[in-house]
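Starting off with a structure, shown below.
Just so it is clear, none of the values below were taken in a lab; they were calculated from the coordinates. Keep in mind the model is a prediction, meaning the values are calculated, not measured. As a convention, Cβ positions derive from the backbone with ideal geometry for all residues, glycine included, and neighbour counts pool all protein chains shown.
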Amino acid sequence: METRHLRPRPIRGLLCTVTLFVGVGALHAQASPAGAPPSPDPRYERGLQVLRELNQGQTQPVFEAMRREFPFLADSTASYALGDVWGRQVLDPKTRQLAAMAAFASLGLRSFFKTHAGYALNLGATPEELKEIVYLVTVPAGFPRAIEASQTLQELFAERGLNPAGGRR
């Protein structure tokens with residue numbers, strides 16, 4: 001029986017990940033001279049502005065907790081999700097939140113659905129418009145997801161002291 005010696009192979013995935021993080025760190029290090037505070041990233045700043053607008057100038061507790069415990073994730077969320085995507089001007093902010101609600105309800109992500117339903121209310125959406133999103137979810141995602149979203153919306157309405165008329169349409 002022949003014995004072969006195996007040569008170690010580089011772990012490309014890990015190497016790429018390490019290179020990416022080192023590269024990102026180097027970019028941040030180049031952004032400001034030693035000892036100076038980092039220069040503000042316009043994408044990050046735009047993301048924070050979007051979050052302030054969505055939350056009527058108030059801090060967002062989930063995001064603030066993420067900034068403390070997972071700063072890289074918070075920076076990425078603020079820069080990309082909020083600054084690059086949510087900050088686009090093609091859709092008006094209320095329409096963007098209604099679309100986000102439909103997506104999160106369809107995926108069964110209750111906390112995200114509730115957060116974005118709250119933002120939609122902050123931006124002038126009516127309870128009837130939010131309920132309409134729940135009805136629409138029955139088609140792509142089914143009744144269980146729509147029922148779950150309706151329960152979440154009822155929680156939000158109760159927290160906000162809203163008593164939308166509930167009848168059949």
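Being within 17 Å of Leu136 (Cα to Cα) and of a type outside the set (Asp, Glu) is true for just one of Leu73, Leu98, Leu82. Which residue is that?
Criteria check complete, one pass: Leu98.
Got a sec? Which of Gln97, Gln60, Gln151 is free of Cβ contacts under 8 Å to residues at least 60 places away in the same chain, touching a His at 6+ places or on another chain (Cβ under 8 Å) and among the polar types (S, T, N, Q)? Talk me through it step by step, then tell me what you get.
Working: Gln60 fails: touching a His at 6+ places or on another chain (Cβ under 8 Å); Gln151 fails: touching a His at 6+ places or on another chain (Cβ under 8 Å).
Unique residue meeting the criteria: Gln97.
Being under 12 Å from the mean Cα position of the chain (by Cα) and not in a helix (DSSP H, G or I) is the filter here, so list the residues in the stretch 54-86 that pass it.
Selection gives Gln60 alone.
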